[in-house]
1. At a Förster radius of 35 Å, what calculated FRET efficiency corresponds to the Cβ-Cβ distance of LYS3 and ASN73, to the nearest 0.05?
2. Dividing the Cα convex hull volume of the range 31-104 by residue count, how many Å³ per residue is that?
Amino acid sequence: MKKLLLVLGVVALGLLDSGVAMAAAEAAEGAVGAKAAIAIAAGLAIGLAAFGAALGQGRMAAAAMESIGRNPNAAPRIQLPMILGLAFIEALAIYALIIAFALQGKI
């Protein structure tokens with residue numbers, strides 16, 4: 001599984017690298033390439049942030065539910081830190097949304 005993820009990561013980086021090189025070549029010719037690169041960056045920013053936040057929230061909720069399932073008496077001591085952690089994770093996704101909007105304003 002790790003090898004598959006490594007191969008997919010290398011392929012994705014190769015594709016992104018060639019796209020950045022083409023965007024840089026177009027940017028030298030005109031502003032169209034720079035605008036396209038900013039649009040891609042905005043989309044990637046919000047997409048990756050949403051994906052990372054979803055993974056983090058899922059893992060945190062699963063761990064909290066497992067802990068409460070093992071020791072139901074500890075539920076009040078687990079619930080408050082879990083909710084605070086979920087709020088902080090969601091705040092990071094909102095920051096990425098703000099960055100994406102700021103990048104879109106530059107187009």
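Every number in this text was worked out from the coordinates using simple rules, so none of it is lab data. Not measured: the values here are computed from a predicted model. All Cβ positions, even for glycine, are placed from backbone atoms using ideal geometry, and neighbour counts span all protein chains on display.
1. 0.20
2. 46
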